[in-house]
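Notes follow the structure.
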Amino acid sequence: MQHPANTIATAAGWLSRRLGRGGGTTLPGALITKWRPQAVRSMRCKLTDGALVISATNGKTTTARLIVSCLRSDGRTLVTNPSGANLMSGVASALLAAPAHPLVPALGVFEVDEAALPAIADQLAPRVVLLMNLFRDQLDRYGELEHISERWLGMLQGLPPSTIVVLNADDPAVAHLGDAHPNIVWFGIDDTSRALTELPHAADARRCRRCGEPLIYDAVLVGHLGHWHCDACGWRRPTPSIAASAVTLHGLDTIDVDIATPGGPIAVRGLALPGLHNAYNATAAAAAALTLGVPVTRIGQALQSSQAAFGRSERLTITGRELVLLLIKNPAGANEIVRTLELDPEPLDLVLFLNDRTADGRDVSWIWDVDYEPLLPRIRTLTIAGDRAHDLALRFRYAGLDDSRMRVVPPTADALDTALAGTADGRPLYALPTYTAMLGLREVLVARGVAQEFWRDR
């Protein structure tokens, strides 16, 4: 029989959806974990096939979606949090909504907030843990990078040896966690044809986690991710057993990724997620799927048939124009979006939204660590919006963008209309919002009938 608190919390979620106040992806879990702090522990019995948790500063929503595609192609029954509700309340809500069928093996696939991961892993007892990257983000909430890294280290040390831990060999901030657990699977990108010549000025991992001396980078791929070693103590990038051997970028449309694995090659063609950062997401998803027993022959097709998650390279049509949503939330992610936009050979029409709400991080000084300058010669029109629109406009003015190409229109709907009106015929409008700005933008798009509520996203 279901616990009475579970019944009340489930009803609250139903009422939230009926009243149009949301998708019930957080409220039921928030209530149940308040009344029963160990609710996730008690409900994990529904996951008769165990659980996978995915965490990272950048890419966890997209990677979770790719993994779900692989698992569904293999006929798995899943419990997941596709709306991005990735705190304890979101995981609890997903478990509350899951039916209990003891004869049907169910696997949990949860993207998890970096700071919330240790507590969620403690209750969920995951079968597989995927840790993809650590970048500086929301310093007012997370603190410095080392704080999250040390919490992850303690979490891994407490996991049983049977847990499989999948780590990104290319991120020194993640790779040093390999010492904490005996059952590690490494992934990375071996193809260095798209490597940068030097670390970005705002790179987050410059020193060896073992001896403190400067790291040497033989190839810089995304932010501080790449091929690295320490001359002082000899620590170096682990050799990944699952690696992208070739990555081909097709502008802002698709990528091709060839992934080498112990079970044979995986060819991903036409993945509708542009940029080198999405090659990392695809490789991480392949590594996780393989550890969960998905045959190598299924993974390539499953990955390339996946669609973008809401706000992450999502493409919509509005007033006859294509609108491309590219979420940005920290320097590393924003720099990679800038690098991806450079793949479009035509002049760019952009609308940028900057908020400073809790989920964005109150401190917006990170915009000064974003290398917007390479885009300046390419910008045809730039509309700036959001709670901190004038801060972002100041950043572009210091970068050297002349006022004739820049308009500051803080309200979301007005900014969208202004940007659309100024977009060249036959060209897309690229929207770069922070997290809460992206949710606000999608509310406008839902009201205009060109998008569905994010919590319906599958």
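Some values worked out for this structure:
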quantity	calculated
Test: residue in the range 217-239 that is touching a helix residue (DSSP H, G or I) at 6+ places or on another chain (Cβ under 8 Å), crowded, with 24+ Cβ neighbours inside 10 Å, among the β-branched types (Val, Ile, Thr) and within 26 Å of ARG72 (Cα to Cα)	no
Strands (runs of 3 or more DSSP E) wholly inside the range 173-281 that include at least 2 residues being hydroxyl-bearing (Ser, Thr, Tyr)	242-250
Selected residue (criterion: farthest from the chain's Cα centre (by Cα)) from residues of the range 360-392 that are hydroxyl-bearing (Ser, Thr, Tyr) and in a strand (DSSP E or B)	THR381
Condition check for ASP122: under 25 Å from SER305 (Cβ atoms) and of a type in the set (Asp, Glu)	no
Every pair of residues 6+ apart whose Cβ atoms lie under 6 Å, when the first sits in the range 135-163 and is of a type in the set (A, V, I, L, M) while the second is part of a helix (DSSP H, G or I) and at pLDDT below 90	ILE148/TYR142
Residues (free of Cβ contacts under 8 Å to residues at least 60 places away in the same chain and under 23 Å from the mean Cα position of the chain (by Cα)) located in the range 229-242	SER241, ILE242
THR340 exposed (fewer than 14 other Cβ atoms within 10 Å of the Cβ) and either under 21 Å from the mean Cα position of the chain (by Cα) or within 28 Å of ARG65 (Cβ to Cβ) (or both)	no
All positions within the range 319-344 that are in contact with a strand residue (DSSP E or B) (Cβ under 6 Å, 6 or more places away or on another chain) and either farther than 21 Å from GLN307 by Cβ or of a type in the set (Val, Ile, Thr) (or both)	VAL324, ILE328, ILE337
Residues that are of a type in the set (Asp, Glu) and closer than 19 Å to ARG209 by Cβ, drawn from the range 179-194	ASP179
Selected residue (criterion: modelled with the lowest pLDDT) from residues of the range 297-325 that are under 20 Å from the mean Cα position of the chain (by Cα), of a type in the set (S, T, N, Q) and not in a strand (DSSP E or B)	GLN307
Whichever residue in the range 394-418 is among the hydrophobic types (A, V, I, L, M, F, W, C) and farther than 18 Å from VAL446 by Cβ and, among such residues, is surrounded by the most Cβ atoms within 10 Å (Cβ to Cβ)	PHE396
Matching entry among SER69, SER149 (being out of contact with any Pro (no Cβ under 6 Å at 6 or more places or on another chain), modelled with pLDDT of 90 or more and closer than 22 Å to ASP49 by Cβ)	SER69
Pairs, first touching a residue at least 12 places away in the same chain (Cβ under 8 Å) in the range 37-58, second of a type outside the set (Asp, Glu) and surrounded by fewer than 18 Cβ atoms within 10 Å (Cβ to Cβ), C-beta under 6 Å, six or more apart	LYS46/ALA98; LYS46/ALA100; THR48/PRO105; ASP49/PRO105
Residue match in the range 357-368 (condition: acidic (Asp, Glu) and either modelled with pLDDT under 95 or in contact with a helix residue (DSSP H, G or I) (Cβ under 6 Å, 6 or more places away or on another chain) (or both))	yes
Any pair with Cβ under 6 angstrom, 6 or more apart, that starts in the range 431-443 at a residue that is in contact (Cβ under 8 Å) with a residue 12 or more places away in the chain and ends at one that is assigned to a helix (DSSP H, G or I) and of a type in the set (Ser, Thr, Tyr)	GLY440/THR412; LEU441/THR412
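The values are calculated or read from the model by the stated rules, or taken from the named source; none is laboratory data. Quick caveat: nothing in here was measured; it's all calculated off a predicted structure. Glycine also receives a Cβ, built like all others from the backbone with ideal geometry; neighbour counts cover every protein chain displayed.
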